[in-house]
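K.L.:
Sharing a structure with you now.
The values are calculated or read from the model by the stated rules, or taken from the named source; none is laboratory data. Small disclaimer: the values here were computed from a predicted structure and weren't measured. When we count neighbours, we look across all protein chains shown, and the Cβ atoms used for this are built from the backbone with ideal geometry, even at glycine.
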Amino acid sequence: MEAAAQHIAVEARLTGAGGRTVFLDAPPAGGGTRVAGFAATDDRGVALPVQRTGGGYAVVHEGPGAVRFRYRLSFTDSVSSGSTASGLDSARLYAVTRGLFVAPDPVLLRKTGGAYPAIRVVFILPPAWTLVSAWDSAGPALAPRSGDDLLDGTLAAAGDYRTYADTAGGARFALAIRGTRGFSDSALLDVVAEGLRRGAETFGPVPVPHVTYISDTGRKGRTSGSLQGKASIGLLWEKGELLERARSHDVFHETLHLWMGGVLETERWWTEGADDYFAARLYAEWRQDPAELAALCWQSLRNYEGIPRHLTTTMAAEARLRPGGDNTQLLVYRKGMLAALLLDAAIRKDSHGRRSLDDVARSLLALAAARGRTVSEAEIGAAVAEAGGSTAAREWRRVVAGTDAITAGQVAAALRVVTGVAPPPPPQPVEHPKTLSRTPTP
Ligand SMILES: [Zn+2]
């Protein structure tokens with residue numbers, strides 16, 4: 001594909017920003033994009049002086065009125081080589097919006113008490129491409145509701161999206177799919193709708209009024225093909241993938257991030273590992289098959305046992321160390337999921353089935369809502385102890401505060417408590433069948 005197609009143009013108009021110098025941040029390095037040809041004018045087309053700053057641009061605008069700017073965005077990745085950054089190739093655009101926009105930093109503006117300027121964005125895309133985003137559209141321009149809305153989404157465009165819209169769990173959602181895989185669009189629609197519906201039943205209303213799912217093909221070899229957004233979720237599939245247990249579980253996992261990580265921020269083992277456990281349990285409940293939960297837990301246990309630091313490092317310490325690795329190689333995922341299972345079982349046992357880890361999740365979400373998002377690990381511990389008494393507190397000391405081993409026997413016992421049935425035994429490691437030597441001749 002020719003290099004010229006690796007660019008798109010972006011135009012934006014900021015109102016409520018006049019009469020002062022406007023500071024704009026450029027997309028972060030490593031986001032898959034580069035900005036070039038940045039230029040600004042006022043509404044009458046008079047050029048405004050622009051200065052480079054450490055992380056972006058300063059536009060000097062002494063007069064009243066709006067600031068307009070435009071720039072060319074070049075992409076360093078194609079869509080097929082990354083799902084957590086931004087990519088463009090001859091057939092489609094897929095982007096985490098923080099990687100695209102030159103815009104005022106919403107965090108900084110909040111700190112200084114400034115209102116976020118109203119922003120309208122126009123993408124100049126190849127002809128006949130459909131743009132998919134969670135934002136309200138105002139004619140040809142997109143109108144994000146806030147700076148967070150502008151920068152915390154995902155966005156996609158292509159000429160051949162099939163788009164679906166529906167309601168689930170009290171929220172509207174849109175699903176845009178391109179390409180064909182080993183499953184139907186309606187099968188994916190069902191998984192998306194059930195994730196939202198069961199998430200809302202368990203944790204309370206979907207935190208955002210509208211959720212966008214974008215389903216596309218991605219890089220071969222990725223073990224996780226999805227990413228979280230606060231209102232939009234990207235799902236990348238390799239060619240020929242099936243919508244079986246692992247990938248349906250992934251869709252649930254990403255959907256539950258609307259709550260865990262979306263409106264509640266805390267230790268990663270909770271936002272990733274407990275999220276993963278809830279996703280597995282809710283998926284198995286939907287399928288009415290406890291064996292689905294058991295299979296996902298056994299797999300987690302096998303991965304956990306293969307992580308070298310699993311008996312020496314707590315999950316919080318691992319999160320601070322920031323080691324590399326995907327979600328099969330990190331304790332915050334694999335031990336986090338098992339810890340959530342054990343805590344859920346302990347709470348149910350201690351309360352004779354009257355409470356569960358769901359009550360802990362709901363109380364943490366309420367705490368996060370009351371104070372603006374962040375909850376500490378000590379507060380998770382307190383909520384666990386309140387729901388599950390000394391049984392749960394003991395489990396917490398072993399597997400969250402401590403590094404005691406989680407064993408197959410403990411996982412089996414916890415699965416029995418949570419599902420009410422005896423779980424199938426862990427699958428045995430596959431042994432190569434013995435090759436028979438030539439039958440001895442008598
Ligand atoms: Zn996640």
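K.L.:
Only one of (1) assigned to a strand (DSSP E or B); (2) modelled with pLDDT under 85; (3) surrounded by 20 or more Cβ atoms within 10 Å (Cβ to Cβ) fails for Ser137. Which number is that?
P.N.:
Here Ser137 clears every test but (3).
K.L.:
Might you let me know whether region 348-358 holds any residue that is outside any loop (DSSP other than H, G, I, E, B) and in contact with a Leu (Cβ under 9 Å, 6 or more places away or on another chain)?
P.N.:
For region 348-358, residues outside any loop (DSSP other than H, G, I, E, B) and in contact with a Leu (Cβ under 9 Å, 6 or more places away or on another chain): present.
K.L.:
Considering only residues of region 271-320 that are among the charged types (D, E, K, R) and within 16 Å of the ligand (Cβ to nearest atom), which is nearest to Gly402 (Cα to Cα)?
P.N.:
Filtering region 271-320 for residues among the charged types (D, E, K, R) gives 272, 275-276, 281, 285, 287, 289, 292, 302, 305, 309, 318, 320.
Filter once more, so that each one left must be within 16 Å of the ligand (Cβ to nearest atom): 272, 275-276, 281, 318.
Working: Glu272: 19, Asp275: 20, Asp276: 21, Arg281: 25, Glu318: 12 Å.
Going through the qualifying residues, I end up with Glu318.
K.L.:
Out of (1) in contact (Cβ under 8 Å) with a residue 40 or more places away in the chain; (2) surrounded by fewer than 24 Cβ atoms within 10 Å (Cβ to Cβ), the odd one out for Gly234 is which?
P.N.:
Gly234 satisfies every listed condition except (2).
K.L.:
Could you pull out the residue among Leu341, Leu364 that is over 20 Å from the mean Cα position of the chain (by Cα) and either under 17 Å from Glu395 (Cα atoms) or in a helix (DSSP H, G or I) (or both)?
P.N.:
Numbers: Leu364 fails: over 20 Å from the mean Cα position of the chain (by Cα).
After applying the criteria, what remains is Leu341.
K.L.:
Hey, does region 120-132 have a residue that's without any contact (Cβ under 8 Å) to a residue 40 or more places away in the chain, outside any loop (DSSP other than H, G, I, E, B) and not β-branched (Val, Ile, Thr)?
P.N.:
Among the residues of region 120-132, at least one is without any contact (Cβ under 8 Å) to a residue 40 or more places away in the chain, outside any loop (DSSP other than H, G, I, E, B) and not β-branched (Val, Ile, Thr), which makes the answer yes.
K.L.:
Name every residue in region 250-259 that is within 9 Å of the ligand (Cβ to nearest atom) and in contact (Cβ under 8 Å) with a residue 60 or more places away in the chain, in order of residue number.
P.N.:
Passing the criteria: only Leu256.
Listed here are the residues, each with its yes/no results for (1) over 29 Å from the mean Cα position of the chain (by Cα); (2) surrounded by 14 or more Cβ atoms within 10 Å (Cβ to Cβ); (3) not assigned by TED's automatic domain parsing to the domain that holds Leu125.
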residue	(1), (2), (3)
Arg34	no, yes, no
Arg44	yes, no, no
Ala66	yes, yes, no
Tyr71	no, yes, no
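K.L.:
Moving to a separate point now. When you scan region 231-242, do you find a residue that is outside any strand (DSSP E or B), within 16 Å of the ligand (Cβ to nearest atom) and either of a type in the set (D, E, K, R) or modelled with pLDDT of 95 or more (or both), even just one? Even if it seems obvious, please write down each step before you answer.
P.N.:
The first filter runs over region 231-242 and keeps only residues outside any strand (DSSP E or B), leaving 231, 238-242.
Filter again for within 16 Å of the ligand (Cβ to nearest atom), leaving 231.
From what's left, either of a type in the set (D, E, K, R) or modelled with pLDDT of 95 or more (or both): none.
Scanning region 231-242, I find no residue that is outside any strand (DSSP E or B), within 16 Å of the ligand (Cβ to nearest atom) and either of a type in the set (D, E, K, R) or modelled with pLDDT of 95 or more (or both), so the answer is no.
K.L.:
Now, a different point. Identify, from the list Gly325, Gly372, the residue that is modelled with pLDDT under 95 and within 16 Å of the ligand (Cβ to nearest atom).
P.N.:
The unique qualifying residue is Gly325.
K.L.:
Could you check region 1-117 for strands (runs of 3 or more DSSP E) lying wholly inside it with 2 or more residues that are more than 30 Å from Ala128 (Cβ to Cβ), at pLDDT below 90 and not charged (D, E, K, R)?
P.N.:
Values: elements: 7-15, 20-25, 33-42, 50-52, 56-61, 67-75, 92-96.
Of the strands (runs of 3 or more DSSP E) lying wholly inside region 1-117, those with at least 2 residues that are more than 30 Å from Ala128 (Cβ to Cβ), at pLDDT below 90 and not charged (D, E, K, R) span 20-25.
K.L.:
Could I ask something else about it? When you look at Leu189, is it farther than 30 Å from Phe75 by Cα and surrounded by 14 or more Cβ atoms within 10 Å (Cβ to Cβ), yes or no?
P.N.:
Answer is yes for this residue.
K.L.:
Go through region 407-427 and give me each residue that's over 19 Å from Ala392 (Cβ atoms) and part of a helix (DSSP H, G or I).
P.N.:
Ala408
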